[in-house]
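Structure, as structure tokens:
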Amino acid sequence: AEYMGGTLRLTMSHLLQPSIILLREGTDASQGKPHLISNINACQVVVDCVRTTLGPRGMDKLIHTDKDVTISNDGATIMKLLDVVHPAAQILVDIAKSQDSEVGDGTTSVVLLAGSFLNEVKSLIDEDLHPQVIIKAFRQACAMCLEKIVQLEVNIHGKDEKERRELLEKCASTSLNSKLVSGHCAFFAKMVVDAVMCLDRETLDLNCIGIKKVLGGSLTASMLVRGVAFKKTFSYAGFEQQPKSFVNPKILLLNLELELKSEKDNAEVRISDPSKYQSIVDAEWDIIYDKLAKIVSSGAQIVLSRLAIGDLATQYFADRNIFCAGRVNMDDLVRVQLACGGAVQTSVNDLNDSVLGSCGKFEEAQIGQDRYNLFQECPKAKTATIIIRGGAEQFMAEAERSLHDSIMIVRRALKNPTVVGGGGAIEMELSKMLRDRSKDVFGKTQIVLQAYAKALEIIPRQISENAGMDTTEILNKLRHKHAGAGGTWFGVDITNDSICDTYEGFVWEPSLVKRNSIMAATEAACLILSVDETIKNASSGGNEKASMVGAGGASAMMNSNLIQSALGKKGPGGVRGGRVMKGRGGA
């Protein structure tokens, strides 16, 4: 500073240094507490989309895309169909998919838990509690919950076959109670258990259970085939002359084309003697007739091929009382092999009994408007097929998703035979345990543990709210029961609008579902809390300016725009995914 003529001049040359630019022009960066709050708000939008689908009285969602309409209350299906583009909200979609692939059920619960964990600590972040303190406490709480579940879970292993079957049917019914087919849960629970029990107990391969949909009829007209069933394939004229039922037939499986092959383009055959032309034409016929003769001599009465069986072969087999089907789906062919034995052949040479399968009964039956090939009483049956009937495509599609979830639950219960009480009972018991344990913890961790305990109550609260019950009254009753002795398994009773012992009421869930839900939700919440900055690189195709969604005065945006940002919908001014687009292609 220097004094000249009564004026103080400040030399600020050191402040006029050029700034260092690390990121290309157009790159957006959002960081700090407002950014974290913004991510939590975006996750809440996604949670609100599936919140009302939880529980036996959950509502359905109708999702309309350019191609079709889907009606579902399955959390994973809804999350897949939503066009979520917000990076933080996308994490909730990923954990729903993970839960669906790992255990098959509890997809809505895991999204609700993750959103509830984040919502309960939002006020703590506003009060400047460091996210790493919250993350550390969350992981401690998760470990405590998993340890408590192991102590509480009931092992159903070692029961006799009849009793074990009843237990599995209870687990299947619990899963189906919250689905569109809940009115027939007893009917489908028995069918699901029968289907899973058909599988190989060592692998329990889900691909060995086929689900087919036939339009028409009622849900109770659905049936289980202990073996394989698939829709009649494309056939030629001679097909109707073939027999449509067999007892103890031999079955030949082929991955081979049985029809005359046309020569490749521009192929030519040169002959010096015109009389030899007929012998060349006859050679093609001899090849196909030789293949057909070898198949007939093998003793096979049913011939299935993944590739086409032409009109010549169809008529040839019909004349010899042999059933054939070409262009069979490979999945169905593999399931026929698992059920009936034999092996898929790529050649007709050296066919013997070791490569042929067999079944007790085969028939082609009319189911609705379609004809189905049914392979039943299979000696090596390790596969099953469920045929769903219904009056609408959307209804049958939702029934298929419901049965898939139930099949996964029964399959997991066989692999991990431990169950816990459903209806929010286990969450209330864990919440009570965390509140008690938090009293022995000092410092900020105590507050976070209490917030985690409160967040777990979202499950019984939402189940009762979706059933139209008084959530405050229900939660007060549950807290009172769980605080005393003998109230471990008390949960929401939607039948009598009260609470009940869900274990005694056979509302059971595999403990694996709960363990996986809590772990996945906790990890998702920790991941979102650990992100303190989002950098959005500029598009290489044009000039885009970003409008980051903030909170508390940072890049303020209307709540409707936040919803559009999370779900990838265009709002006023071309907003999509939080970006303000200037025309197409950056124009």
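From the set of residues in the stretch 36-74 that are surrounded by fewer than 19 Cβ atoms within 10 Å (Cβ to Cβ) and charged (D, E, K, R), which is farthest from GLU398 (Cα to Cα)? My answer is ASP48.
Which one of these is outside any loop (DSSP other than H, G, I, E, B) and without any contact (Cβ under 8 Å) to a residue 12 or more places away in the chain: ALA143, ALA137? Testing whether each residue is outside any loop (DSSP other than H, G, I, E, B) and without any contact (Cβ under 8 Å) to a residue 12 or more places away in the chain leaves just ALA143. Scanning the stretch 151-177 for residues that are open to solvent by 30 Å² or more (accessible area, probe 1.4 Å), in contact (Cβ under 8 Å) with a residue 40 or more places away in the chain and not in a helix (DSSP H, G or I), we see that the one that is farthest from GLY75 (Cα to Cα) is HIS157. When GLN376, GLN315 are checked against the criterion of being within 19 Å of GLY210 (Cα to Cα) and among the polar types (S, T, N, Q), a single residue qualifies: GLN376.
Which residues, counting only those in the stretch 92-103, are open to solvent by 30 Å² or more (accessible area, probe 1.4 Å) and within 27 Å of ASP532 (Cβ to Cβ)? Across the stretch 92-103, the qualifying residues are ASP94, LYS97, SER98. So which residues in the stretch 457-511 are over 20 Å from THR53 (Cα atoms) and in contact with a Pro (Cβ under 7 Å, 6 or more places away or on another chain)? Once the filter is applied, which keeps residues that are over 20 Å from THR53 (Cα atoms) and in contact with a Pro (Cβ under 7 Å, 6 or more places away or on another chain), the stretch 457-511 yields only LEU478.
Each row is one residue, and each column tells you yes or no for (1) of a type outside the set (Asp, Glu); (2) at pLDDT 85 or above; (3) over 16 Å from GLY104 (Cα atoms); (4) in contact with a His (Cβ under 9 Å, 6 or more places away or on another chain).
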{"position": "SER182", "(1), (2), (3), (4)": "yes, no, yes, no"}
{"position": "PHE187", "(1), (2), (3), (4)": "yes, yes, yes, no"}
{"position": "VAL193", "(1), (2), (3), (4)": "yes, yes, no, no"}
{"position": "LEU199", "(1), (2), (3), (4)": "yes, no, yes, no"}
{"position": "ASP205", "(1), (2), (3), (4)": "no, no, no, no"}
{"position": "GLY217", "(1), (2), (3), (4)": "yes, no, yes, no"}
{"position": "ALA221", "(1), (2), (3), (4)": "yes, yes, yes, no"}
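Kindly indicate which of LYS190, LYS148 is touching a helix residue (DSSP H, G or I) at 6+ places or on another chain (Cβ under 7 Å), touching a residue at least 40 places away in the same chain (Cβ under 8 Å) and assigned to a helix (DSSP H, G or I).
LYS148
Considering only strands (runs of 3 or more DSSP E) fully contained in the stretch 470-537, which possess at least 2 residues that are of a type in the set (D, E, K, R)? Spell out how you get there, then give the answer.
On the way: elements: 490-493, 498-501, 508-510, 533-536.
It comes to 533-536.
I'm checking my understanding of the structure. Among residues of the stretch 457-485 that are small (Gly, Ala, Ser) and under 16 Å from SER431 (Cα atoms), which one is surrounded by the most Cβ atoms within 10 Å (Cβ to Cβ)?
Filtering first and then ranking leaves ALA483.
Determine whether the stretch 190-200 contains at least one residue that is touching a strand residue (DSSP E or B) at 6+ places or on another chain (Cβ under 9 Å), surrounded by fewer than 16 Cβ atoms within 10 Å (Cβ to Cβ) and not charged (D, E, K, R). So far as the stretch 190-200 goes, no, none of its residues is touching a strand residue (DSSP E or B) at 6+ places or on another chain (Cβ under 9 Å), surrounded by fewer than 16 Cβ atoms within 10 Å (Cβ to Cβ) and not charged (D, E, K, R). Of everything in the stretch 221-244 that is open to solvent by 50 Å² or more (accessible area, probe 1.4 Å) and either small (Gly, Ala, Ser) or touching a helix residue (DSSP H, G or I) at 6+ places or on another chain (Cβ under 6 Å) (or both), the residue that is nearest to VAL181 (Cα to Cα) is TYR236.
A search for C-beta distances below 6 Å between a residue of the stretch 193-205 that is charged (D, E, K, R) and any residue that is assigned to a loop (DSSP other than H, G, I, E, B) and open to solvent by 40 Å² or more (accessible area, probe 1.4 Å), counting only pairs 6+ apart in sequence or on different chains, returns ASP200/LYS382. Close contacts from the stretch 46-59, counting a first residue that is free of Cβ contacts under 8 Å to residues at least 24 places away in the same chain and a second that is in a helix (DSSP H, G or I), with Cβ to Cβ under 9 Å and a gap of 6+ residues or different chains, come to ASP48/GLY115; ASP48/ILE563. Of the strands (runs of 3 or more DSSP E) that lie entirely inside the stretch 309-421, those containing 1 or more residues that are open to solvent by 10 Å² or more (accessible area, probe 1.4 Å) and under 30 Å from GLN99 (Cβ atoms) span 384-390, 418-421.
Is at least one residue of the stretch 86-94 in contact (Cβ under 8 Å) with a residue 24 or more places away in the chain, of a type in the set (Gly, Ala, Ser) and assigned to a helix (DSSP H, G or I)? Yes, the conditions are met somewhere in the stretch 86-94.
Please tell me if LEU338 is at pLDDT below 85, closer than 25 Å to ILE309 by Cβ and within 30 Å of the chain's Cα centre (by Cα). Spell out how you get there, then give the answer.
Working: at pLDDT below 85: yes; closer than 25 Å to ILE309 by Cβ: yes; within 30 Å of the chain's Cα centre (by Cα): yes.
Yes, satisfied.
Take the stretch 285-303 and flag every residue that is assigned to a loop (DSSP other than H, G, I, E, B), open to solvent by 30 Å² or more (accessible area, probe 1.4 Å) and of a type in the set (Ser, Thr, Tyr). Before you say what the answer is, go through the steps one by one.
First, the residues of the stretch 285-303 that are assigned to a loop (DSSP other than H, G, I, E, B): 298-301.
Going one step further and asking which of them are open to solvent by 30 Å² or more (accessible area, probe 1.4 Å), we end up with 299, 301.
Result: no residue meets the conditions.
Against the list (1) touching a strand residue (DSSP E or B) at 6+ places or on another chain (Cβ under 6 Å); (2) of a type in the set (A, V, I, L, M); (3) closer than 30 Å to LYS536 by Cα, the condition ILE71 fails is (3). The numbered conditions (1) touching a Lys or Arg at 6+ places or on another chain (Cβ under 7 Å); (2) touching a residue at least 60 places away in the same chain (Cβ under 8 Å) are all true for GLN394 except (1). Whenever a residue of the stretch 509-534 is modelled with pLDDT under 85, it has no partner that is of a type in the set (Val, Ile, Thr) and open to solvent by 50 Å² or more (accessible area, probe 1.4 Å) lying with C-beta atoms less than 9 angstrom away and at least six residues away or across chains. For the stretch 75-85, residues that are within 21 Å of GLU393 (Cβ to Cβ) and open to solvent by less than 10 Å² (accessible area, probe 1.4 Å) total 2.
Can you tell me which of LEU312, LEU252, LEU292, LEU304 is at pLDDT below 90 and not polar (S, T, N, Q)?
Values: LEU252 fails: at pLDDT below 90; LEU292 fails: at pLDDT below 90; LEU304 fails: at pLDDT below 90.
Being at pLDDT below 90 and not polar (S, T, N, Q) holds for just one of LEU312, LEU252, LEU292, LEU304, which is LEU312.
Of the residues examined, VAL348 is not one that is out of contact with any Phe, Trp or Tyr (no Cβ under 8 Å at 6 or more places or on another chain), at pLDDT below 90, closer than 28 Å to ASP205 by Cα and not small (Gly, Ala, Ser). Look at the stretch 98-114: where a residue is at positive phi and a partner is assigned to a helix (DSSP H, G or I) and open to solvent by 10 Å² or more (accessible area, probe 1.4 Å), sitting 6+ places away or on another chain with Cβ atoms under 8 Å, you get GLY104/HIS404; GLY104/ARG411; GLY104/ARG412; GLY106/LYS514; GLY106/ASN516.
Given the criterion of a type outside the set (Phe, Trp, Tyr) and at pLDDT 90 or above, identify the matching residue among ILE156, ILE209, ILE134. Being of a type outside the set (Phe, Trp, Tyr) and at pLDDT 90 or above holds for just one of ILE156, ILE209, ILE134, which is ILE134.
The values are calculated or read from the model by the stated rules, or taken from the named source; none is laboratory data. Predicted model, so just to flag it, every value in this text is computed and none were measured. Neighbour counts are summed over all protein chains in view; Cβ atoms, including those assigned to glycine, are modelled from backbone coordinates with ideal geometry. Each accessible area value is taken on the protein alone, full model and side chains, heavy atoms only, with ligands, DNA and RNA left out. Shrake-Rupley method; radii C 1.70, N 1.55, O 1.52, S 1.80 Å.
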